[in-house]
Each structure stands twice: as C-alpha cells, then as structure tokens.
Amino acid sequence: MTARWKNSIRGKLTGIIMLISTTAVLMAYTFSVVQDVVDNRLELDEQLLAYGQLIGAHAEAALRFDDKEAAIEALSVLRTKPSIVAGTIYTAGGVPFARYRTGPIASPSSVHHAANGLIHGHGRVELFLPVTIDRERVGTVYLAADRRDLVARMKEDAEFLVIILLLCLTVAFILASRLQKRISDPIVGLARVARNVSEHKDYSVRASTNDSHASYEIENLVIGFNGMLAEIEQRDDRLLLIQTHLEKTVACRTEELTVANEELLGAKNAAEKIAEVNAQLARESALILNSATDGIIGVDLDTEPSFLNPAAARMLGRSLNDLRGASIHQLIHHSRADGTPWPEGDCPLGQAILHGESLAVSDDTFWRSNGTSFPVEYSATPMFDEHGKQRGAVVTFRDITDRRAIERLKSEFVSTVSHELRTPLTSIRGALGLLGSGLLGPMAEKGQRMLEIAVSNTDRLIRLINDMLDLERIGSGKVELARQPVDAHTVMVQASEGLQSIAAQAGVRVVIEPASGNLWGDSDRIIQTLTNLIGNAIKFSPRDTTVTVSGTARAADFAFSVADQGRGIPPEKLETIFERFSQVDASDSRDKGGTGLGLAICQTIVTAHGGRIWAEKNEPAGSRFRFTIPLAPAITAPPASESLASGITDPTIKAPAILVVEDDLDLARVMTTSLQARGIRTIHAATGSDAIRLCRQHEPSLIVLDLGLPDIDGFAVVRALKANATLSRLPLIVYSALEVDKAEQARLRLGPTEFLTKSRCSLPDFEAHVVRLLENVTNQKKEELNAA
C-alpha cells in the first residue's frame with residue numbers, strides 16, 4: 001500500500017512539496033554552519049592576536065629586567081579565555097622565560113621558524129609574536145588555542161536543525177495532504193472509472209462531475225470522457241446487432257446451401273440456385289459495408305472511385321455518380337488543410353494506390369463538394385484478385401473532428417493552468433526581487449540568504465513551467481518560428497556568453513571554434529537549443545575539462561556540434577534521452593538538477609526547422625550532440641535596435657501616468673511599487689470595466705493590460721478603446737500569462753503595442769519596456785510642440 005501511494009499522483013504531489021521544504025531547510029542550515037565556522041575562526045584569530053599584543057606589552061619590562069614573576073603575571077590574563085590552552089614567553093635566544101598551560105599541548109617545533117604570525121593545524125591555532133624594544137627583538141610571545149567553542153556551537157546547531165526539520169516536515173505533510181486533493185481527487189476519480197471500464201468492458205458507467213473542487217477544465221474533460229464512453233457504447237450496440245444478424249444470416253444460408261447441394265445433385269436448375277445463393281451473400285456483404293460507420297471508397301487502377309458506402313457519401317456530401325470521371329485526389333484531396341493546391345504528382349494517397357502500396361495517415365484533410373473540409377485519418381489498401389493481379393484499392397477514412405476537439409480541450413486546459421500558475425509566480429518573483437534590491441529597506445544577513453534560496457527555487461519552478469509549455473506549444477504548432485537569415489557563428493557566441501559564469505564556477509572551459517554559415521531559422525530558438533546543449537555539457541563535465549562548440553556548413557544545411565569530456569552516454573540510451581523527462585541516470589535530476597525536458601525541447605525546435613538532432617560518443621571520452629538547421633541565401637542583416645532609455649527627464653512634458661490593469665492584487669502591488677520607485681505615476685484597475693472608465697477619466701500615457709480579467713477580457717477592453725477616437729492610439733503593453741499568437745496580436749493593437757509574457761519577462765525587463773515606450777511618447781509630444 002505504501003509503495004502504491006508513493007507512485008500515485010497524491011503521493012508524488014505530497015512528496016514534491018515535502019522534498020522542496022526539506023531541501024530549503026537543509027540548504028539554509030548548511031549556509032549558516034559554514035558562516036559560523038568562518039566567523040569563529042576569524043574571532044579566535046582576533047582574540048589570540050589581542051591577547052598576544054597585551055602580553056607582549058607587559059613582557060617588555062619583564063624581559064629587560066629579567067623579572068620572571070612579572071612575566072608569569074602577564075600570562076595569568078589567559079585564565080579568562082578557556083579556549084587558550086598554552087602560553088610561553090621566550091627570550092631573544094629562544095629559551096622559555098615564563099609558561100602558562102591548562103592541559104597537554106604539543107610544543108612548537110621552532111620559535112624562529114614562524115616567529116611572527118598565526119599557524120592553523122592539528123585542531124589548534126598558534127600565535128608567534130615578537131617582543132621588541134627600540135626596534136630590537138628581546139623575546140617572543142607564543143600562544144596556542146583549541147576549537148572547543150566551535151564544537152559546542154555545532155552540536156547546538158545540529159540539535160536545533162533536527163527540531164526545525166521535524167517541524168517543517170510535519171507542517172509540509174499536513175498542508176500537502178490537504179492541498180493536493182484539489183488537483184488529485186478529480187483526476188483519480190476519472191482514472192478509477194477508466195480502469196473499471198478497461199477491466200470489466202462496461203461502457204455504461206460514467207465519471208462523476210459533481211466534485212465541488214474540480215475546475216471547469218477538468219469538468220469539461222470528464223464530460224468529453226463520458227461522451228466518448230457513450231459513443232463507444234452505442235457503436236458496440238450497433239456492432240452487436242450487426243454481428244447477431246450476420247450470424248443468423250450465415251447459419252440460414254449455410255442450411256440453405258446444404259439443402260441446395262442435396263437438391264442440385266439431380267436437379268436441372270442447380271446453376272440458378274447457386275447464383276441465387278451467391279446473390280444473397282453479395283447482398284449480405286453489401287449490408288455489412290453499408291452499416292459501417294467509417295467511410296469506405298473503392299477505386300480502380302486509374303484511382304477513379306468505383307464504390308462508395310453510405311457513411312462515406314454522408315461525410316463527403318456526394319454520391320457515387322458525383323465522383324465518376326475524375327481521380328480521388330481531384331475529388332476530395334486536391335488541397336492542403338490551409339487551402340493551398342496540392343499537385344497530384346506529390347499526393348501520397350494517389351501514389352500509394354498507383355504503386356499498389358499500403359498507406360496509413362493519422363491526420364489529413366478531405367474536401368466536400370461545397371468547398372468545405374474536415375479532418376480525417378485514413379488508410380489505403382491495395383486489392384488483388386485470385387491470380388495476384390492488382391485490381392484497385394480500398395480507402396477507409398474516419399472524421400476526427402471530435403478527436404481534435406478533445407485535443408483542443410487539453411490545450412486549453414494546459415493554457416489555463418499555466419495562467420493560474422504564472423500569475424502568482426510572477427507576483428512572488430517580483431516581490432522577492434524588490435526585497436532583494438533593498439528598495440523596501442535593509443535586511444539581515446541571514447534573511448538575505450533565505451531570500452536568495454527562495455528566489456532560486458522560484459526561478460527553477462518558473463523554468464519548469466516554461467519548459468513544459470514550450471514543449472506543448474512547439475509540438476502542437478502554436479508557436480510560429482520567426483524565420484530570417486541567421487549567422488551561425490553569432491548564435492554560437494551568444495549562447496556560450498550567457499553560460500560563461502556557470503562554466504567558470506564549474507571549472508570548465510567553453511571553446512568556440514570559428515564557423516561560417518548563413519542559416520534560415522529563428523535565432524532565438526536556435527540560441528535556446530545551443531544554450532540547453534552547452535548547459536548540459538557543462539553540468540556533466542569534470543573540472544579542468546573543455547566543452548567544444550563547433551559547426552560545419554554542408555550542401556543544404558549547417559551542422560552544429562557540442563562536445564564534452566564527461567562520463568558519456570550508454571549506447572542503449574542515445575535515442576531515449578530525447579524523450580520527455582528522460583535522464584541517463586535516475587539520480588541526475590537530484591544530483592545535477594533539471595527537469596528532463598531540455599533535450600525534448602531541443603528536438604522539437606530542430607524538427608520544427610526541418611532539421612534533425614542526435615547524440616553520439618565523443619572520442620576519447622564524453623558525448624557529442626549534433627543538430628542541423630537549413631541554410632538560407634545571403635540576406636543583408638537588419639540594423640540593430642536602439643538601446644532602452646533609462647528614464648523620462650524632459651521637464652517641459654507633463655509627468656506621464658500609467659494605467660496598470662491587473663486582477664491579481666499582489667502582482668499589481670509589486671508592479672506599481674517598482675514603477676513608483678522610478679518616479680512614474682501609476683493608476684490601478686482590477687477589472688476591465690474599471691479600466692475603460694479610468695482611461696476616459698485620466699487618458700493615461702500608457703496602458704499595461706492583463707488579458708484574463710474577472711468581468712470582461714482584455715480583448716473587450718481593447719475593442720472599447722478603439723471605439724473612442726481619443727483613446728484608440730494609446731500606447732499599450734499586453735502583459736499576460738497567456739501566449740498570444742499573431743492573429744490575436746492583430747486584434748489587441750492600439751497605438752505602439754508590445755506583447756510580454758509574465759513568466760518570461762522579469763521585473764527589470766518589464767520596467768525597461770515601460771520606460772522605453774514612455775520615452776517614445778515624450779519625444780513624440782516634444783516634436784508636436786516644436787512643430788506647433
């Protein structure tokens with residue numbers, strides 16, 4: 001039961017929360033212990049030096065007048081410091097003059113060997129300090145101390161850690177056990193119904209949608225799942241009826257054939273009876289074909305339709321007579337999904353039929369007679385007669401509109417969940433950034449260390465969410481690549497520059513070999529791929545080794561290469577490492593960090609460019625990752641963009657005001673606080689209606705707009721502002737957790753408009769965008785005043 005609970009979604013959610021809590025506490029304790037050790041060592045050194053100087057000052061007269069009692073009295077001050085276990089005053093010749101000792105301690109090897117300074121070693125600290133009179137050395141003060149104070153303090157810290165760790169684990173377990181139910185209960189219930197259906201083949205059961213904690217996305221998923229079960233149940237009922245009818249028909253015809261065969265032995269009309277039975281069997285076969293729910297088309301060797309079942313006629317909106325006189329490609333497969341013509345010579349369906357080959361396609365488009373289209377999955381199978389000669393082919397297809405709707409529902413679910421996660425994470429990250437910058441006041445040193453831990457873990461969670469969403473968006477084709485000419489060497493240098501500090505900390509050298517190539521692709525995505533590969537190479541490389549980044553232009557593409565000298569990848573895992581959440585070693589995610597999504601994202605980006613990516617062994621040791629990007633004709637690079645302005649300083653222009661439209665009050669408070677610290681006036685609206693009203697009242701210089709608002713969405717706000725001639729040209733920054741495609745961007749434009757994603761744009765970057773737009777507005781107003 002325990003192992004089963006650990007492998008469940010409930011156990012994993014609970015375990016993740018408890019693991020993060022434990023890691024944060026242990027890291028904070030480790031940093032605290034290291035700091036205590038360093039502070040204790042410095043404090044002990046300072047105390048030894050202070051005592052040595054004090055004793056040396058009193059020992060001057062004692063050595064000059066050979067007064068041993070005065071020397072012993074000078075050493076008596078060491079009784080106030082238990083950690084100082086020995087002290088000796090030596091004469092100028094190195095002979096002991098007076099001693100102090102509280103326990104056994106090794107004597108110094110030579111007074112003259114280290115006659116001035118501190119020596120650390122063998123669990124103690126020793127001080128040699130010369131005693132001088134009129135710049136003449138008359139003796140030496142020797143002190144020795146152990147580290148008993150540090151040992152006692154570390155024991156107390158260890159006991160305190162155990163108590164705090166137990167308390168944190170208890171609280172984390174209670175909170176995790178309660179909070180994870182909001183996500184796990186509806187999903188577990190749906191999985192339970194699916195398991196029951198799979199085990200008992202009972203499609204009449206339905207998943208419950210009455211969970212008050214379930215979001216509408218999960219409820220829609222349950223409704224879609226129930227609809228699928230209902231459709232399967234209906235289809236099984238129809239198949240059962242057809243099967244029963246067919247069995248009865250076969251039994252009846254078998255009996256008729258038996259009787260007919262007996263009668264045909266002496267009957268003159270044997271041929272007529274056999275023909276009648278064959279005709280009846282043909283009618284039964286036609287009945288089966290006509291009852292099928294999938295579309296079935298028979299074509300001859302010229303790919304012209306010769307048979308059409310009712311399901312196919314209903315989906316295509318045509319009868320068999322309507323399809324005669326043309327090839328199947330010209331009738332239903334003449335264009336791609338976007339409406340662009342598809343040459344018949346390039347059509348895989350027509351080529352498979354002509355060459356007698358089987359073909360299966362999971363996602364394509366067929367066209368109706370009225371010009372509309374619908375998504376299908378289809379297969380083509382050649383037909384051969386009893387002599388093995390091809391007579392045509394059978395094309396079977398199915399409308400997958402419902403399947404696409406379910407996939408769209410899944411995509412909307414992922415998008416909505418990402419929005420609900422990104423907004424609070426952006427708020428948390430922004431608030432932590434304000435605290436860390438000191439804008440809200442100074443912070444204690446230990447508090448600063450805890451703040452750094454919180455920032456690091458928040459950034460890691462944001463990266464995980466971004467990786468998962470990147471993988472989903474690129475894989476589904478929602479992210480369009482901004483293709484343009486890209487210099488291969490430039491992206492190699494840019495990717496490596498961002499990782500130099502990490503490489504320096506790891507003791508790894510990153511070498512960029514000269515390369516030349518003009519690529520056709522999205523430079524940001526290519527840099528993202530190189531950054532992932534170089535970062536992985538640094539992470540798994542030993543100290544004092546080299547990561548080499550190189551590339552070669554080939555006939556049609558450019559091949560990048562990232563090679564390391566690490567432990568390498570087993571041959572059986574060279575292919576599987578590109579799968580989601582895949583690791584070479586199960587302990588890598590714990591020891592090295594990472595989500596197991598980086599290589600999957602790289603493969604998706606490269607595939608979207610039309611290239612390929614693979615891994616191989618690097619000689620003599622390590623791994624080498626390669627990927628290709630298509631080459632492009634030489635195109636002059638566009639001019640570089642101007643740098644961002646640092647602020648608005650023109651006193652002749654009225655101070656601008658910014659309207660921040662954000663329903664998350666915590667995030668709104670962080671945004672307005674950071675902008676006000678720059679001297680920028682802000683106005684806040686939590687709803688779309690308030691945003692429209694405040695725009696009409698104040699006419700702000702810039703609007704920062706979130707799309708997900710409680711009353712009307714950001715699109716409705718933009719439509720209302722466009723209807724007002726005064727407000728239709730206002731500068732706008734769309735700052736949302738949702739990704740906005742090009743079609744949606746066109747609907748959201750007012751005046752100068754920029755689109756930022758919350759989890760990808762840090763608070764300083766957000767401020768820079770705001771300042772730049774405000775500066776543009778100010779310059780424009782100055783030009784208008786000068787022209788007037």
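A few points about this structure:
- Members of the stretch 25-35 that are open to solvent by 30 Å² or more (accessible area, probe 1.4 Å) and either touching a helix residue (DSSP H, G or I) at 6+ places or on another chain (Cβ under 7 Å) or of a type in the set (D, E, K, R) (or both): Met27, Tyr29, Phe31
- Count of the stretch 42-55 residues which are out of contact with any helix residue (DSSP H, G or I) (no Cβ under 7 Å at 6 or more places or on another chain) and exposed (fewer than 15 other Cβ atoms within 10 Å of the Cβ): 5
- Residue selected from the stretch 735-772 under the condition surrounded by 15 or more Cβ atoms within 10 Å (Cβ to Cβ) and touching an Asp or Glu at 6+ places or on another chain (Cβ under 7 Å), by the criterion farthest from Asp666 (Cα to Cα): His769
- Whenever a residue of the stretch 777-788 is over 23 Å from Glu754 (Cα atoms), its partners that are exposed (fewer than 14 other Cβ atoms within 10 Å of the Cβ), lying with C-beta atoms within less than 9 angstrom and at least six residues away or across chains, give the pairs Leu785/Thr652.
- Matching entry among Ser369, Ser362, Ser285 (being touching a Lys or Arg at 6+ places or on another chain (Cβ under 6 Å), open to solvent by 40 Å² or more (accessible area, probe 1.4 Å) and modelled with pLDDT under 85): Ser369
Residue by residue, here is whether (1) at pLDDT 75 or above; (2) open to solvent by 30 Å² or more (accessible area, probe 1.4 Å) holds:
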{"position": "Gly566", "(1), (2)": "yes, no"}
{"position": "Ile577", "(1), (2)": "yes, no"}
{"position": "Gln583", "(1), (2)": "no, yes"}
{"position": "Arg590", "(1), (2)": "no, yes"}
{"position": "Thr607", "(1), (2)": "yes, yes"}
{"position": "Lys617", "(1), (2)": "yes, yes"}
{"position": "Ser623", "(1), (2)": "yes, no"}
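- Ala61 meets all of the listed conditions (1) within 58 Å of the chain's Cα centre (by Cα); (2) assigned to a helix (DSSP H, G or I); (3) modelled with pLDDT under 80; (4) of a type outside the set (Ser, Thr, Tyr) but one, namely (1).
- Of residues in the stretch 536-564 being within 17 Å of Glu616 (Cα to Cα) and within 19 Å of the chain's Cα centre (by Cα), the one least open to solvent (accessible area, probe 1.4 Å): Ala537
- Options Glu60, Glu46, Glu73, Glu69; residue that is charged (D, E, K, R) and in contact with a His (Cβ under 8 Å, 6 or more places away or on another chain): Glu73
- Residue, surrounded by the fewest Cβ atoms within 10 Å (Cβ to Cβ), within the stretch 524-535, restricted to residues that are touching a residue at least 40 places away in the same chain (Cβ under 8 Å) and over 16 Å from Arg624 (Cβ atoms): Asp524
- Residues that are touching a Ser or Thr at 6+ places or on another chain (Cβ under 9 Å) and either in a helix (DSSP H, G or I) or open to solvent by 40 Å² or more (accessible area, probe 1.4 Å) (or both), drawn from the stretch 395-413: Thr396, Arg398, Glu407, Ser411, Phe413
- Filter pass, Leu435 being open to solvent by less than 70 Å² (accessible area, probe 1.4 Å) and at pLDDT 70 or above: yes
- The residues of the stretch 324-359 that are open to solvent by 80 Å² or more (accessible area, probe 1.4 Å) and of a type in the set (A, V, I, L, M, F, W, C) amount to a single one, Leu354.
The values are calculated or read from the model by the stated rules, or taken from the named source; none is laboratory data. What you are looking at is a predicted structure, and each value in this text was computed from that prediction instead of being measured. Glycine gets a Cβ as well: all are built from the backbone with ideal geometry, and neighbour counts include every protein chain shown. What goes into the accessible areas is simple: the full protein's heavy atoms, side chains included, and nothing from ligands, DNA or RNA. Shrake-Rupley method; radii C 1.70, N 1.55, O 1.52, S 1.80 Å.
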